[in-house]
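Below you'll find the structure, written out as structure tokens, and then a few comments.
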Amino acid sequence: MKCPTCNTDLAETRRDGIEMEVCPSCQGMWLTPKELTDLEDEVFDFGDDEKGSLMLGSSQTELKCPQCAKPMKRFGYRLYDLEMDFCDDGHGFWLTAGEDKRVLALMKIDEKNLGRSVLAEERFAGHLRYLQSGGFMDWLNDFANVVMDPKPKPRFEK
């Protein structure tokens, strides 16, 4: 396979724990969809369903897919300020030098933010359970009765 940027032969390499094709000249890398997922999973522990959209919208580029030589498209990776090229036939993704590190950094941010969201949701659910409990509802009802009718009523009549 040839590098879509400089037309150099891609070399099979292991980077970031993933087998991928890398250009020895420009250090760009070709990742299959599975390899990109494996790269993301190096730091993202929540699972694929929690990662969010991979791409929304795309535009044509001059780069050719290393596998089928069709023109690739460019998209904004997961709505971040990181553009990536991909084969519309699903063969893979082209990352320029260093973008693998950027993907890892973005996945760390996503995981941290998702962890915070899960914690906040758990705390909110706990508050809702408390507010819906019988003890709190009885207290709230008693409080409302006092506010609505400030004159104390005898609890027991003789």
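The values are calculated or read from the model by the stated rules, or taken from the named source; none is laboratory data. Predicted, not measured: the structure shown is a model, and the values here were computed from it. Every residue, glycine among them, receives a Cβ derived from its backbone with ideal geometry; neighbour counts consider all protein chains shown.
The criterion of being crowded, with 17+ Cβ neighbours inside 10 Å, touching a strand residue (DSSP E or B) at 6+ places or on another chain (Cβ under 7 Å) and modelled with pLDDT under 90 does not hold for Leu10.
For every residue, the table says whether it meets (1) of a type in the set (Ser, Thr, Tyr); (2) modelled with pLDDT of 85 or more; (3) part of a loop (DSSP other than H, G, I, E, B).
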| residue | (1), (2), (3) |
| --- | --- |
| Thr5 | yes, yes, yes |
| Cys26 | no, yes, yes |
| Thr37 | yes, yes, no |
| Arg74 | no, yes, no |
| Arg78 | no, no, no |
